[in-house]
């Protein structure tokens, strides 16, 4: 059987003959292939092994494999490593011969393996086949050389990140095992913590509370949206990023975290208070809702279901489906779906949410692969839960999966968009957990709306613009079945949405 892919072999010198600190490299092969997982179309699974150079015997290679993981090999005899990303059939493999030195520092050695994993995945799947107009194979060698003299894993990871940055795509990146754990918490919907959503305010650098989960320890401690976090357990937070702060707030259930908070409601700008917050199990539901009763133009009492979607996690579609069924049973006649400041999440979740509102075999999104081929993603015999009129709220914080959902509902005539132009992130990333627990995000495709409108760096312009004071109104995140809707009624974008729904209902049509 002929090989499906060509074999490429090259050898490049890494060091000058006068080098005394680095060994003379031995040519080594990097073999890699693609393993297709039938349950995930196009998803590739990689396995990385380390072995000795081609000049060594088979028994020596086996010995090297065992010693590589423990980093106890003889340095002179193992100046180069054979890193193999392999599959069952040699006919499917594409091999490269690349010489590189194996680090004696265990932490750096581990990251070298991670580097090869990342390099291979990007080589196979990155949306730009030119890799930002550079020789991606040579880039691996250069990074290996730069990584060799390092002593710490953190420094080696920075080299991997620097290599990825040359791709010119900020969304293709590697994150540490701790950061990946946080990412999975956000998507799985469970954590041990205090129930705060925080972010860095870009102009001031202050750590601001975006929202608080109802009933959480932070809510009971009296922390409010907009408050600034100043200290955690006696440590000042100046210059600390939001992910690091989130890690400090999390911890084992039953433990206490001490937080100093600047209350933004204090007009004197001097009120800093200290609160002790117990950590508990926090259930993260991406959906919050309320029923807004109001009078229509003809004086009739009407109920509008307000649904806020915070993120596209694994439970987003099921939580929203339950919410819509509950509202239907309470006689809701129209809906407002709020995607403002929703940065996205799982693309699959966005497509699943779209199918709650759409019928038939409608196109949800069009994807464009690295070769420029466009493929529509269509529903199959979809059945919407409700056909009541729908308005979707968006703003400049609505990105990625939010834009996919908004585009699907708008272009298929199901919803009117109200708000501000969206962020404009028209790229899709795959997420792969690497051998050391870190994760690699790779941009694998671009997408267009069902009507083939460009989204990336353009955004979606809503049908109706909100007035600016909507962005400064009180936060609208509410727990389910809250009796008071006053924060919602103070939001001018919601007022515009209600007016639009009244018009649709008066015409007797569902958008």
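Would you compute, for the Cα atoms of the range 190-283, the largest minus smallest coordinate along each principal axis and list the three values in descending order, in whole Å?
34, 23, 22
Sort the range 286-396 into rounded, prolate or oblate with this rule: let a ≥ b ≥ c be the square roots of the eigenvalues of the Cα gyration tensor; rounded if a/c is under 1.5, and if a/c is not under 1.5, prolate when a/b is larger than b/c, oblate otherwise.
Working: a/c = 2.15, a/b = 1.84, b/c = 1.17.
Cα axes put the range 286-396 in the prolate bin.
With N denoting the number of residues in the range 295-336, provide Rg(C-alpha) divided by 2.2 N^0.38 Å, to two decimal places.
Compactness ratio reported: 1.40.
Using Cα centres only, tell me the gap between the range 398-450 and the range 213-291 in whole Å.
Comparing the Cα centres of the range 398-450 and the range 213-291, I get a distance of 29 Å.
Quick one: which of 124-131, 496-503 comes out on top by average Cβ neighbours within 10 Å, and what's the full order, highest first?
On the way: 124-131: 16.6, 496-503: 20.5.
Listed from highest to lowest mean packing, they are 496-503, 124-131.
Please sort 368-380, 388-400, 437-449 by packing, taking for each peptide the average over its residues of neighbouring beta carbons within 10 angstrom, highest first.
Numbers: 368-380: 12.8, 388-400: 24.4, 437-449: 20.7.
Going from most to least packed, we get 388-400, 437-449, 368-380.
Taking the simple approach of a point 7 Å from Cα along Cα-to-Cβ for both residue 225 and residue 165, what is their distance in nm?
3.5 nm
Evaluate the Debye formula for the range 245-345 with equal point scatterers sitting on the alpha carbons, no solvent, and hand back log10 of I(q)/I(0) at q = 0.10, 0.12, 0.15, 0.17 Å⁻¹, in q order, two decimals.
-0.51, -0.68, -0.87, -0.94
Where q = 0.19, 0.30, 0.33 Å⁻¹, what log10 of I(q)/I(0) comes from the Debye formula for the range 97-137, counting one point per Cα?
Relative scattering, expressed as log10 I(q)/I(0), comes to -0.66, -1.03, -1.11.
Could you pull the Rg and Dmax for the range 287-507, using just the Cα atoms, both in Å?
For the range 287-507, the Cα radius of gyration and maximum Cα-Cα distance read 17.4, 64 Å.
Throughout, read-outs are computed from the coordinates displayed, never taken from laboratory work. The shown structure was predicted, so the numbers you read here are calculated from the model rather than taken from an experiment. Every residue, glycine as well, gets a Cβ built from its backbone with ideal geometry; the counts of neighbours run over all protein chains shown.
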